[in-house]
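Written out below as C-alpha cells is the structure these notes cover.
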Amino acid sequence: MEIADNIKKNWEEILGIQVNAHISTQIDTQNYDIILAYGSIPTDPDQYLFWHSTQLKTNLTKINNPKIDKLLEDGRQTFDQQERKKIYQEFQKDLLEECPAIFLKYPTLYTITRNN
C-alpha cells in the first residue's frame with residue numbers, strides 16, 4: 001500500500017493526474033488503466049501463464065510477441081537446466097525490450113540451509 005500511496009501522491013503532485021486507488025482481489029481485465037500487483041517468485045522460471053499471447057485471462061498486458069511466445073514454449077519443452085537458463089534469460093531480455101510492464105521492485109531473498 002505504501003508504494004501505491006507514493007505513486008498516487010507523485011502523479012497527482014508532479015503530473016497533475018487525478019488518481020483513484022483501491023485494493024481489489026479480482027482484476028477486471030477489460031477495465032483498468034493501471035495495475036500495481038505483486039506475486040511470489042516461483043522456483044521455476046516458467047512465465048508462460050503471464051506473458052504468452054494465448055493466455056487471455058492471465059496475460060494482463062495483452063502482449064503478443066511471437067519471439068517471446070516461442071521462447072516461453074521452448075523453455076517449457078527443455079529439460080536441460082543450462083539450456084533452460086539461456087532460454088529464460090533471452091525471454092527476460094526480450095520482455096524488458098518490449099516493456100509491457102514496469103517492474104518496480106525485486107525482493108531480496110535468502111535461503112538458509114543446514115549442513116549435516
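Descriptive notes on the structure:
- Hey, Thr78 among the hydroxyl-bearing types (Ser, Thr, Tyr), without any contact (Cβ under 8 Å) to a residue 12 or more places away in the chain and within 28 Å of Asn31 (Cα to Cα) or not: no
- Residues that are of a type in the set (Phe, Trp, Tyr), modelled with pLDDT of 95 or more and open to solvent by less than 70 Å² (accessible area, probe 1.4 Å) number at least 1 in the following helices (runs of 4 or more DSSP H) confined to region 19-116: 48-51, 81-98.
- Residues of region 11-32 that turn out to be farther than 29 Å from Gln55 by Cβ and touching a Leu at 6+ places or on another chain (Cβ under 8 Å), as a count: 0
- Selection count, region 1-18, where residues are β-branched (Val, Ile, Thr), part of a helix (DSSP H, G or I) and open to solvent by less than 80 Å² (accessible area, probe 1.4 Å): 2
The values are calculated or read from the model by the stated rules, or taken from the named source; none is laboratory data. Because the structure is predicted, anything quoted here is derived from the model rather than measured. Positions of Cβ are backbone-derived with ideal geometry, glycine not excepted, and every protein chain shown enters the neighbour counts. Note: accessible area is taken over every heavy atom of the protein model, side chains too, but ligands, DNA and RNA are not part of it. Shrake-Rupley method; radii C 1.70, N 1.55, O 1.52, S 1.80 Å.
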